[in-house]
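A quick write-up on the structure given underneath.
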Amino acid sequence: MDPPLISFTNICDFAMELRLENIGHYYGDMEVLQGIDLDIPAGKIVCVVGPSGCGKSTLLRLVGGLEKPTSGRVVQMGQAPSASINPLTYVFQDFALLPWRTVEGNISLVLEDHGIKGADMEAVISDVLARTKLSDFRKALPKQLSGGMKQRVAIARALAVKPAVMLMDEPLSALDSQTRELLMDDLVDLWTREPFTAVYVTHNLGEAVRIGHSIVVLSRRPGRICEVVEINKPLEQRQLGDADLEQQQKHLWNLMRDEAKAADMELMDA
Amino acid sequence: MLDSASKDDQRTVEFRGGGFAPQSKRWVGFVVFIVLISGIELGTRTGFITSLMLPRPSDVLATFVELWKSGLLWKHLIPSLSRLAVGAVIGASAGIGVGILIGLFSLARASLIPIVAAIFPIPKIALLPLFVIWFGIDEASKYALIAFGTFTPTVVAAYGAVDNVDRTLIRMGQSFSLSWFSIVTKIVLPGAMPGILSGLRVSFAIAIILLVAAEMLGAEYGIGAYILEAGSLYDLERLFVGVTILSILGVGVSAVIGLIENRLLKWRI
C-alpha cells in the first residue's frame with residue numbers, strides 16, 4: 001500500500017457529508033438541545049465542547065441515529081463509499097468491549113453480521129490491529145488490557161467497518177493523562193496517514209485544540225452553538241504546549257467559563 | 001526542633017488496613033467435617049451421646065457399605081438421579097427461556113411477572129396430588145413436580161440477569177447495525193450467563209428437596225423412598241445414610257455448576 005493510492009481512495013470516500021438541520025431535543029420537559037445547525041465536512045474532525053450536561057453526548061447519539069431528535073433532522077449528503085460496512089460508527093467513552101470475547105473476537109463481532117468471513121475477515125482484523133499497534137494482543141481478553149489498550153481495541157473495531165464518519169464520545173476521558181497523550185498521538189497519526197471524517201465530543205479543551213479542525217462550543221443546557229472556532233494548523237504539526245494552541249484553548253475557555261460556572265451552580269440547585 | 005523531638009519519640013505507624021477479604025481454604029472444610037464426625041463418634045462410644053440421640057458415624061458408614069455391597073445403593077440412586085436430571089433440566093430450560101422472554105419483551109414482562117410472583121410462594125409439594133391426577137402416579141408426576149419447583153426460581157434469576165446486562169454493550173451492538181438476533185445471542189445471553197448460573201445453584205438445590213418429597217409420596221425405589229422407610233422404622237443409621245447421600249448429591253451438583261462457571265465465565269475479573 002503506497003501512500004498516493006491511499007489518498008486517492010480517500011478522496012472518493014469523502015463523498016459523504018453530514019448536515020444537522022435545526023436539531024432540538026427534549027428529555028421529558030427538559031430541553032437539552034436547541035436549534036443546532038451544523039455541517040460536518042468530509043475528511044475533517046469536528047470537535048464539540050461544552051460545559052457538563054450541555055447535551056454534547058446526546059447530540060452525538062442523535063447524529064448516529066441512536067436517538068431520535070424531538071425536532072429537526074440529521075441529513076446524510078451523498079452516498080457512503082460502497083466499501084463502508086457501517087457508515088456511522090461510534091467510539092464510546094467506556095470502550096463497550098464484550099468482556100467474554102478476545103480482542104480479535106470483539107472485532108469479528110462487528111464483521112460477522114455483515115457477511116464478512118474467512119480470509120476476508122482475517123485480512124481486515126490483521127490490518128486494523130496493525131494500524132492500532134495491537135497485533136501482539138489478538139488473543140487477549142479485555143480484562144487483561146489496560147484502559148488505553150481497551151480504547152485502541154475499540155478504535156480498531158471502529159476502523160474494521162470502514163466508517164464514513166467516526167462518532168467519538170469522549171474517547172479519551174476514561175484514561176489517565178499520560179495514556180491520553182499517547183493515544184492522542186496515535187489518533188493524529190491515524191488521521192494523517194488516512195484522513196477520516198469525525199465528530200469528536202470532549203470536555204477537554206486541550207484535546208479539542210489538538211485534534212479538531214473546527215471546534216463547536218455549546219452553551220449550557222439547553223445546548224446551543226455559541227461559536228465555531230476553526231483551527232487551520234495541520235494536525236501533524238500541533239504539539240502539546242504549542243503557544244498558538246494554548247492561545248486558542250484560552251479563547252475557548254473564556255467562551256465557556258461563565259457557562260461552565262452557571263452549569264455547575266445549576267446542578268447544585270437541582 | 002522537629003529533629004530533636006522525632007529522635008526521642010519514634011514509633012512505627014500501626015497497621016490498620018486489611019481484612020474483609022475472605023478466601024476459601026479447601027482443607028478447612030474437610031477438617032471441620034472430620035472434627036465434627038470424630039467428635040460424635042467419640043461421644044457415642046463414651047456413652048455421652050446415646051444411640052437414641054444420634055447414630056454412631058461408624059455404624060452409618062457400615063450401613064452404607066452394606067447398602068453398596070447389596071447393590072441396593074444403585075437401585076435407589078439411579079432412579080433418583082434420572083428423576084432429578086429430567087425434572088431439573090425441563091424446569092431450568094423452561095425457566096431460562098421464559099426468563100429471557102421477560103427480559104426482552106414488554107408484553108411478556110407485563111403478563112408473566114405477576115404469574116411467576118403468584119406461583120413462586122406456593123409450596124410445590126402441596127400440588128403433588130394435582131400432578132398425580134394430571135400425570136399419573138408414575139415418573140411423569142415426579143418430573144412435573146421437580147420441573148415446576150425448579151422453574152420459578154430460574155425464571156426470576158434469568159430475567160434479573162437479562163435486566164442486568166450492560167445497556168452500553170447493547171447500544172454498541174446497535175451502533176454497529178448488528179441484527180436483533182445477533183444482539184440477543186452474542187451480547188444479551190453471554191452477559192446474562194453469570195446471573196443465570198448462580199440462579200441455577202439455588203434452583204438445583206430446590207430440585208433435590210422436591211425429589212425427596214416426590215419420592216416420599218409413592219415410589220418403590222429412590223433416595224426419598226429409602227429415607228421414608230428408614231424413618232418410619234426409626235432406623236437412624238439408614239436415615240443418616242440417606243441424608244448423607246443427599247448432601248453429597250448437593251455438593252456434587254454445586255461442584256458441577258462451579259466447573260461450568262469456570263469454563264464459561266473465564267472472562268470475568
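The values are calculated or read from the model by the stated rules, or taken from the named source; none is laboratory data. Computed from a predicted structure; not experimentally measured. Counting neighbours? That spans all protein chains shown, and the Cβs are built from the backbone with ideal geometry, glycine included.
Among the residues of region A:127-138, is there at least one that is touching a Pro at 6+ places or on another chain (Cβ under 8 Å) and crowded, with 20+ Cβ neighbours inside 10 Å? No: region A:127-138 contains no residue that is touching a Pro at 6+ places or on another chain (Cβ under 8 Å) and crowded, with 20+ Cβ neighbours inside 10 Å. For A:Ser71, the criteria (1) touching a helix residue (DSSP H, G or I) at 6+ places or on another chain (Cβ under 9 Å); (2) in contact (Cβ under 8 Å) with a residue 24 or more places away in the chain; (3) not acidic (Asp, Glu) hold in every case but one, which is (1).
Quick check: anything in region B:21-38 surrounded by 14 or more Cβ atoms within 10 Å (Cβ to Cβ) and either more than 29 Å from the chain's Cα centre (by Cα) or at pLDDT 90 or above (or both)? Looking through region B:21-38, at least one residue is surrounded by 14 or more Cβ atoms within 10 Å (Cβ to Cβ) and either more than 29 Å from the chain's Cα centre (by Cα) or at pLDDT 90 or above (or both).
To keep it simple, each residue is scored yes or no on (1) touching a residue at least 60 places away in the same chain (Cβ under 8 Å); (2) of a type in the set (Gly, Ala, Ser).
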position: B:Val184; (1), (2): yes, no
position: B:Val212; (1), (2): no, no
position: B:Tyr234; (1), (2): no, no
position: B:Gly258; (1), (2): no, yes
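Can you name the residue in region B:154-185 that is within 11 Å of chain A (Cβ to nearest Cβ), among the aromatic types (Phe, Trp, Tyr) and part of a helix (DSSP H, G or I) and is also nearest to the chain's Cα centre (by Cα) among such residues? The selected residue is B:Phe181.
Exactly one residue out of B:Ile257, B:Ile248, B:Ile209 is in contact with a Ser or Thr (Cβ under 9 Å, 6 or more places away or on another chain) and more than 14 Å from chain A (Cβ to nearest Cβ), and it is B:Ile257.
Listed here are the helices (runs of 4 or more DSSP H) enclosed by region A:124-240 that have at least 1 residues being more than 22 Å from B:Leu169 (Cβ to Cβ) and without any contact (Cβ under 8 Å) to a residue 60 or more places away in the chain: A:177-193, A:205-211. If you go through region B:183-217 and pick out every residue that is touching a Leu at 6+ places or on another chain (Cβ under 8 Å), small (Gly, Ala, Ser) and over 30 Å from B:Val132 (Cβ atoms), you end up with 1.
Does A:Lys162 count as surrounded by fewer than 21 Cβ atoms within 10 Å (Cβ to Cβ) and either in contact with a Ser or Thr (Cβ under 8 Å, 6 or more places away or on another chain) or within 14 Å of another protein chain (Cβ to nearest Cβ) (or both)? Yes: the conditions hold for A:Lys162. Any chance region B:66-82 includes a residue that's of a type outside the set (A, V, I, L, M), in contact (Cβ under 8 Å) with a residue 40 or more places away in the chain and touching a helix residue (DSSP H, G or I) at 6+ places or on another chain (Cβ under 6 Å)? Within region B:66-82 (the criterion being of a type outside the set (A, V, I, L, M), in contact (Cβ under 8 Å) with a residue 40 or more places away in the chain and touching a helix residue (DSSP H, G or I) at 6+ places or on another chain (Cβ under 6 Å)), the answer is yes, since at least one residue qualifies. Residues that are within 14 Å of another protein chain (Cβ to nearest Cβ) and either over 30 Å from A:Gly72 (Cα atoms) or among the β-branched types (Val, Ile, Thr) (or both) do not occur anywhere in region A:216-226. Give region A:80-138 a look and list any residue that's more than 14 Å from chain B (Cβ to nearest Cβ) and either closer than 27 Å to A:Leu62 by Cα or touching a Gly at 6+ places or on another chain (Cβ under 9 Å) (or both), or say none. Correct list: A:Pro81, A:Ser82, A:Ala83. Take region A:75-99 and flag every residue that is among the hydroxyl-bearing types (Ser, Thr, Tyr) and touching a Lys or Arg at 6+ places or on another chain (Cβ under 7 Å). Once the filter is applied, which keeps residues that are among the hydroxyl-bearing types (Ser, Thr, Tyr) and touching a Lys or Arg at 6+ places or on another chain (Cβ under 7 Å), region A:75-99 yields only A:Ser84.
I'd like to check something: does region B:148-160 contain any residue that is out of contact with any Ser or Thr (no Cβ under 7 Å at 6 or more places or on another chain) and free of Cβ contacts under 8 Å to residues at least 12 places away in the same chain? No. The set of residues from region B:205-240 being assigned to a loop (DSSP other than H, G, I, E, B) and more than 14 Å from B:Val60 (Cα to Cα) comprises B:Leu217, B:Gly218, B:Ala219, B:Glu220, B:Tyr221, B:Gly222, B:Leu233. Filtering region A:74-100 to residues that are assigned to a strand (DSSP E or B) and either buried (at least 23 other Cβ atoms within 10 Å of the Cβ) or free of Cβ contacts under 8 Å to residues at least 60 places away in the same chain (or both) leaves A:Val74, A:Val75, A:Leu88, A:Thr89, A:Tyr90, A:Val91. Candidates B:Leu107, B:Leu52: the one that is more than 26 Å from B:Leu217 (Cα to Cα), outside any helix (DSSP H, G or I) and of a type outside the set (D, E, K, R) is B:Leu52. Residues in region A:191-249 that are surrounded by 22 or more Cβ atoms within 10 Å (Cβ to Cβ), hydrophobic (A, V, I, L, M, F, W, C) and over 18 Å from the mean Cα position of the chain (by Cα): there are none.
Scanning region B:189-196 for any residue that is more than 9 Å from chain A (Cβ to nearest Cβ), without any contact (Cβ under 8 Å) to a residue 12 or more places away in the chain and either hydrophobic (A, V, I, L, M, F, W, C) or farther than 16 Å from A:Asn86 by Cβ (or both) turns up nothing. Screening B:Val202, B:Val243 for residues that are in a helix (DSSP H, G or I), within 19 Å of B:Trp74 (Cβ to Cβ), within 17 Å of the chain's Cα centre (by Cα) and away from every other protein chain (no Cβ under 14 Å) leaves exactly one candidate, B:Val243.
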